[in-house]
Amino acid sequence: MANAKIIQDKQLAVDEIAAKLRASSSTVVADYRGLNVAQVTELRKQLREAGIEFQVLKNSLVRRATASAELSELDAVLTGPTAIAFGGDDIVAPAKILSNFAKKNDALQVKGGVVEGRVVGVDQIKALADLPSREGMLSMLLSVLQAPVRNFALAVKAVSEKQEAQA
């Protein structure tokens with residue numbers, strides 16, 4: 001009877017991981033070997049502040065979840081100790097935080113991940129990390145949208161000043 005309970009618990013865990021993989025806009029898989037408790041605590045704090053869930057999971061459970069979520073290509077990076085960051089709305093945040101942390105702490109190795117339902121490698125995760133955050137992109141878009149209006153206002157002001165000077 002105990003075995004049935006354990007199997008049921010594991011199946012619930014697999015279903016939960018698969019649901020997180022499907023729901024997450026971006027997921028980053030990393031090897032955390034060599035990080036001390038203080039470093040892991042700092043990393044978790046940074047991720048939590050950005051609304052990112054960070055879990056250390058058994059590879060066997062994650063493999064079953066990737067099969068369920070149709071992301072079996074991710075199995076190639078599921079070796080050794082594995083920690084997974086499940087992102088929310090901001091696609092860039094998990095990649096940016098983990099990549100920046102890995103630059104300061106050589107022990108953390110980004111292995112790959114999933115971005116909008118596609119399995120990606122380390123290079124794509126690093127490229128994603130180099131993008132500005134969602135807020136940065138929105139401010140850049142806003143400045144591009146405001147530029148024509150600002151230029152038109154400056155032109156109107158220059159014409160009116162020129163007419164006043166001639167009068």
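The values are calculated or read from the model by the stated rules, or taken from the named source; none is laboratory data. These numbers were taken from a predicted model, which means no experiment stands behind them. Every residue, glycine as well, gets a Cβ built from its backbone with ideal geometry; the counts of neighbours run over all protein chains shown. Keep in mind that these areas ignore ligands, DNA and RNA; they rest on the heavy atoms of the full protein, side chains included. Shrake-Rupley method; radii C 1.70, N 1.55, O 1.52, S 1.80 Å.
The aspartates and glutamates within cross-link reach of LYS45, meaning a Cα-to-Cα straight distance under 14 Å and a gap of 8 or more places when in the same chain, are GLU53. The trypsin sites (Lys or Arg not before Pro) found in region 97-167 include none that occupy coil by DSSP while having at most 16 further C-beta atoms within 10 Å.
Remind me, what semi-axes does region 77-162 give for its equivalent ellipsoid, largest first in whole Å, using sqrt of 5 times each Cα gyration tensor eigenvalue? Each step should come with its number before you reach the end.
Working: eigenvalues 370, 32, 16 Å².
So the equivalent ellipsoid measures 43, 13, 9 Å along its semi-axes.
Ignoring ligands, DNA and RNA, what percent of the 1.4 Å accessible area of the chain is carbon and sulfur? Carbon and sulfur atoms account for 57 percent of the accessible area of the chain.
At a Förster distance of 45 Å, what's the computed FRET efficiency of PHE152 paired with GLU49, Cβ-Cβ distance as r, to 0.05? Write down the numbers at each step before the final one.
Details: r = 41 Å, r/R0 = 0.90.
E(calc), rounded to 0.05, equals 0.65.
Restricted to Cα atoms, region 1-61 shows a radius of gyration and a Dmax of 14.5, 42 angstrom. By the equivalent-ellipsoid construction on the alpha carbon gyration tensor, region 43-92 comes out with semi-axes of 22, 13, 8 Å, ordered largest to smallest. With 29 Å as the limit on Cα-Cα distance, the pairs of LYS5/LYS58; LYS5/LYS126; LYS5/LYS111; LYS10/LYS104 that go past it are LYS5/LYS126; LYS5/LYS111; LYS10/LYS104.
In terms of accessible area, using a 1.4 Å probe and ignoring ligands and nucleic acids, LEU142, LEU21 rank largest first as LEU142, LEU21. Solvent-accessible area of LEU128, all protein chains in place: 20 Å² (probe radius 1.4 Å, heavy atoms, ligands and nucleic acids excluded). Calculated from the alpha-carbon coordinates, the chain shows an Rg and a Dmax of 23.2, 98 Å respectively. Roughly what percent of Cα-Cα pairs across region 28-118 reach past 21 Å? It works out to 27 percent of all Cα pairs. Scaled against 2.2 N^0.38 Å for its residue count N, the alpha carbon radius of gyration of region 63-105 is 1.36.
Whenever you get a sec, line up PHE54, PHE152 from highest to lowest accessible area (probe 1.4 Å, protein heavy atoms). Intermediate results must be reported in sequence, preceding the final value.
Values: PHE54 25, PHE152 140 Å².
Most to least solvent-accessible, the answer reads PHE152, PHE54.
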